[in-house]
Structures are given as C-alpha cells and as structure tokens.
2 protein chains.
Amino acid sequence: MDSIVLVGLVAGALTTSSCIPQAARIIRTKSAKDVSALFFGLMAAGMSLWLVYGLARSDVAIVLWNAISLAFCILILILKRVYG
Amino acid sequence: MDSIVLVGLVAGALTTSSCIPQAARIIRTKSAKDVSALFFGLMAAGMSLWLVYGLARSDVAIVLWNAISLAFCILILILKRVYG
C-alpha cells in the first residue's frame, strides 16, 4: 500500500475515533450542556461535503473516515438533543 | 478553479469554523466539563497527520483547513485545561 494512503488511513482513524470518548462521556454523565450543537452541526455539514470531495477524487482515506465520522457526529447531535 | 477543489474548500471551511462556536461556548459559560479532552487530543493528533497527508499529496484544501483546525483544537484543549 502507498505509504501516503497509510498516513491518511491512520490520520482518519485518529480523527474518527476521537468522537468515541466524546459520545461515551455524554452517555456516562448524561450531560451535554457544555457541548455546542452548532459545533457538531457544522462538522456534520462539512463532513458530508468532504465525502463528496473524496468520492470525486477517488480518495479512499477521505471517503472511508468521513462517512464514519459523519455517523458519529449525528449520534452526538442526537445525544445532545436527548441530554441537553 | 477546479470545482472539486472548491467543494474541498467549502467542506473545510465548515468543519474548521465548527470549532468557533465550541470555543466561544466554553469562554462564555466558563465551563468545559462535558467536553472530552480525549476527543480534542485525538482530533489534534489526527489533524497533524492529515496535514502530512495533504502536504504529500499537494492537496491545498486538506493542508489549509487542517492547519487552521489544528490551531483551534489546541485552543480548545487549553480552554478545557483552564475551565475544566
């Protein structure tokens, strides 16, 4: 595998997995007061466009990670809605 | 300008600017209790690698936005440290 694609895959693994502790924290504490809904809303909108960008450039790393990150952003938005 | 580069620039503008309301919220409420430091730590590590990836692929959109986002992540980590 091209080593640069590998860097992209590791980069994406880090940025995507970062959402897990945030979602876990909200579920554990049942509080999302300090989390900005606008943050995750803009993030979700941006990631949808990164997905389009990655597809257009046939960039596997960008498509893969942004699709998963988008799902996490939507989950966190739902948690924010539930726990406020 | 290539329309796909434009999509990448708009995508990045959205994901990068998303950090502004989160930072603003912490500064306004002086509280970052519900914000996960691990979230922004992993995000910063991942964005550093995206920067390497973008430089290696000469991808302007990826380099530009990840550099700015990385600065925002570090700012939010400092705010988390200050306000807890």
Failed condition for A:Leu70, given (1) buried (at least 19 other Cβ atoms within 10 Å of the Cβ); (2) in contact with a Gly (Cβ under 9 Å, 6 or more places away or on another chain): (2)
Any chance B:Thr29 is closer than 17 Å to A:Met47 by Cα and of a type in the set (S, T, N, Q): no
Only listed residue being without any contact (Cβ under 8 Å) to a residue 40 or more places away in the chain and farther than 19 Å from B:Phe72 by Cβ, chosen from A:Leu14, A:Leu6, A:Leu64, A:Leu49: A:Leu6
Extreme residue, modelled with the lowest pLDDT, among residues of segment B:35-46 that are surrounded by fewer than 20 Cβ atoms within 10 Å (Cβ to Cβ) and at the interface with chain A (Cβ under 7 Å from one of its Cβ atoms): B:Leu38
Yes/no for B:Ala32 being in contact with a Phe, Trp or Tyr (Cβ under 6 Å, 6 or more places away or on another chain), crowded, with 17+ Cβ neighbours inside 10 Å, at the interface with chain A (Cβ under 8 Å from one of its Cβ atoms) and among the aliphatic types (A, V, I, L, M): yes
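The values are calculated or read from the model by the stated rules, or taken from the named source; none is laboratory data. Because the structure is a prediction, the values reported are computed rather than measured. Positions of Cβ are generated from backbone atoms using ideal geometry, with glycine treated the same way; all protein chains shown enter the neighbour counts.
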